[in-house]
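What follows is a single structure, written as structure tokens, with notes after it.
Throughout, read-outs are computed from the coordinates displayed, never taken from laboratory work. Being a predicted model, the structure only gives us computed values, none of them experimental. Note that each Cβ is placed from the backbone with ideal geometry, even for glycine, and that neighbours are counted across all protein chains shown.
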């Protein structure tokens with residue numbers, strides 16, 4: 001993987017999306033790597049008291065988090081109800097709530113954009129409503145009204161980016177929705193045109209993983225790069241009898257600018273965001289992704305490592321040497337005889353495998369391209385495929401093992417064999433009558449015989465003359481007619 005560009009424009013953490021200018025224009029939001037504050041409404045200044053260490057996931061307020069470069073808020077909302085009366089919406093973590101409210105969050109966002117809007121006009125802040133507690137029928141509608149009025153009503157300094165923009169590039173969002181800077185994501189508000197779909201949330205599933213367990217989880221979730229919607233990755237740990245841990249050193253190591261974990265992530269949820277380098281690392285990753293999209297250098301040509309036609313399955317297997325690329329291979333495309341191109345994901349291994357149906361006696365032409373994220377194609381691998389078994393060597397093959405035998409009624413029998421993997425081209429099965437067997441060996445001519453390919457699992461005879469005893473032999477035969485016998 002190529003290192004991210006060293007040509008990083010000057011930027012401030014509080015206005016980094018605007019400061020990067022047109023660099024991000026060709027990317028969509030789900031292609032960016034965005035820094036997110038986990039449990040954004042649960043900061044130490046908004047909790048206080050003995051439960052602060054247990055519940056606080058951030059050190060400071062919403063304005064502070066915005067100024068530090070966070071562009072996604074991971075939010076859990078509690079309906080504050082007393083004696084049947086709704087007194088507002090605050091934020092919670094476990095059994096405790098903070099003194100931060102949704103109205104306060106709306107005010108903080110408006111204040112941020114009101115002060116010198118032109119220097120912040122391209123900032124996008126995503127409010128990811130992740131959990132809801134104590135909500136009664138109608139409370140989601142009341143929360144929806146608070147937000148739509150707060151961001152589009154009188155006194156608001158910014159507006160909501162509608163759901164219609166969810167698959168647009170940054171350039172298109174900026175041009176079509178100038179003055180819109182807030183994205184609200186949740187599936188609890190129905191099909192409202194202002195609110196985006198819920199954001200898929202990847203979490204290890206328990207609060208106290210070891211560092212190694214978290215490491216494995218993150219590696220698993222960041223292998224692929226073909227997500228088409230916003231998704232978030234939970235990168236946090238807790239400690240028994242304490243609460244959220246500051247794992248900034250781990251974050252700085254795991255999400256270095258040239259790592260798969262950073263490049264392949266979309267939204268990275270962290271605690272105590274200013275203690276780590278996650279924001280500048282995300283900025284670096286976004287510049288890398290922007291360069292990758294306009295790259296003109298194609299991947300190297302894939303080459304054949306080895307191949308095998310399995311006649312029994314009418315299947316051709318090709319192991320090919322993976323292509324290389326300055327930004328990494330995204331996928332491969334192959335076609336047979338110039339037909340429809342089929343996409344195959346990059347398996348991220350040095351040798352990769354294809355398999356497809358090739359019928360006996362027919363010829364095909366395989367065309368295989370490596371493709372990078374920008375769509376550049378390699379020089380194709382063009383390979384003729386034939387549905388024929390290649391000749392074996394001229395040494396005598398090893399005999400097959402008879403692993404199963406069954407008499408099926410009066411006139412039939414069947415047997416299974418273990419393949420002779422050494423030099424067998426095909427098998428000959430013969431049945432001898434009892435009178436033609438001396439000391440367990442055949443001495444006369446077989447009364448029945450059958451031929452099976454090198455891929456056969458066994459044979460069945462359905463035309464035995466009667467219910468007498470018989471001797472069955474199985475010969476392994478190579479391409480030169482040399483045989484080995486099993487009886």
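Given a Förster distance of 25 Å, report the FRET efficiency between residue 307 and residue 451 from their Cβ-Cβ distance, rounded to the nearest 0.05.
0.50
Under 8 Å for C-alpha pairs, at least 6 residues apart: give me the relative contact order for region 13-293, rounded to a whole percent.
Contact order relative to length: 26 percent.
With both bridge residues required to lie in the chain, what share of the DSSP beta bridges run antiparallel, to the nearest 5%? It would help to have the intermediate numbers written out before the result.
On the way: 74 of 102 bridges.
Just about 75 percent of them are antiparallel.
Output the peptides 277-288, 387-398 sorted from most to least packed, where packing is the average of other Cβ atoms within 10 Å over each peptide's residues. Before the final figure, lay out the partial values.
On the way: 277-288: 22.1, 387-398: 14.8.
Put in order of decreasing packing, that is 277-288, 387-398.
Expressed in nm to one decimal, what extension gain is obtained for the pair residue 134 and residue 343 from 0.36 nm per residue of sequence separation less their Cα-Cα distance?
70.6 nm
Percentage of Cα-Cα pair distances in region 328-461 greater than 18 Å, rounded to whole percent?
On the way: 6293 of 8911 pairs.
Pairs farther apart than 18 Å: 71 percent.
What spacing in nm lies between the two simple spin-label points modelled at residue 416 and residue 149, each 7 Å away from Cα in the Cβ direction?
7.3 nm
Could you state the angle between the C-alpha long axis of helix 102-114 and the longest principal axis of the C-alpha atoms of the chain, as a value from 0 to 90 degrees rounded to the nearest 10?
80 degrees
Run the numbers for residue 386 and residue 356: contour at 0.36 nm per residue of separation, minus the present Cα-Cα distance, in nm.
9.6 nm
Which of the peptides 19-25, 263-269, 354-360, 63-69 is most tightly packed, and how do the rest follow, judged by the mean count of other Cβ atoms within 10 Å per residue?
263-269, 63-69, 19-25, 354-360
Using only Cα atoms, tell me the angle between helix 139-152 and the longest principal axis of the chain; keep it within 0 to 90° and round to the nearest 10.
Roughly 70 degrees, rounded to the nearest 10.
In deg cm²/dmol and to the nearest 500, what is the mean residue ellipticity at 222 nm of the chain if only DSSP H runs of at least 4 residues count, each as -39500 (n - 2.57), divided by the residue total?
Rounded to the nearest 500, the figure is -5000 deg cm²/dmol.
To the nearest 10 degrees, how steeply does helix 278-293 sit against the main Cα axis of the chain, on a 0 to 90 scale?
60 degrees
Rg and Dmax of region 77-125 over Cα atoms: what are they, in angstrom?
14.7, 46
Does region 13-293 come out rounded, prolate or oblate by the C-alpha gyration tensor, with a ≥ b ≥ c the root eigenvalues, rounded set by a/c under 1.5 and, if not, prolate when a/b is larger than b/c and oblate if not?
On the way: a/c = 1.57, a/b = 1.05, b/c = 1.49.
Oblate is the answer for region 13-293, as a/c is 1.5 or above yet b/c matches or exceeds a/b.
Hey, what did region 303-386 get for relative contact order, percent, Cα under 8 Å, at least 6 apart?
For region 303-386, the relative contact order is 30 percent.
Would you kindly work out the equivalent ellipsoid of region 401-486 from its C-alpha gyration tensor and give its semi-axes, the square roots of five times the eigenvalues, largest first in whole Å?
Over the Cα atoms of region 401-486, the ellipsoid semi-axes are 22, 15, 10 Å.
Based on other C-beta atoms within 10 Å, arrange 250, 87 from fewest to most.
Ascending number of Cβ neighbours within 10 Å: 87, 250.
Please give the contour-minus-distance gain from residue 396 to residue 83: 0.36 nm per residue of separation, less the Cα-Cα distance, rounded to one decimal in nm. Present the calculation step by step, with values, prior to reporting the outcome.
Numbers: separation 313, 0.36 × 313 = 112.68 nm, distance 9.11 nm.
Difference between extended and current length: 103.6 nm.
Just one of (i) 26.7, 111; (ii) 22.9, 80; (iii) 33.2, 107 is Rg and Dmax of the Cα atoms in Å as worked out from the coordinates here. Which one is it?
The listed entry that was calculated here is (iii).
Evaluate the relative contact order of the chain (contact order divided by residue number), counting alpha-carbon pairs under 8 angstrom at least 6 apart; express in whole percent.
For the chain, the relative contact order is 13 percent.
Rounded if a/c is under 1.5, else prolate if a/b is larger than b/c, else oblate: which is region 135-210, with a ≥ b ≥ c the root eigenvalues of its Cα gyration tensor?
oblate
In a Debye calculation with equal point scatterers on the alpha-carbon sites of region 303-386 and no solvent, what is log10 I(q)/I(0) at q = 0.12 Å⁻¹?
-0.34
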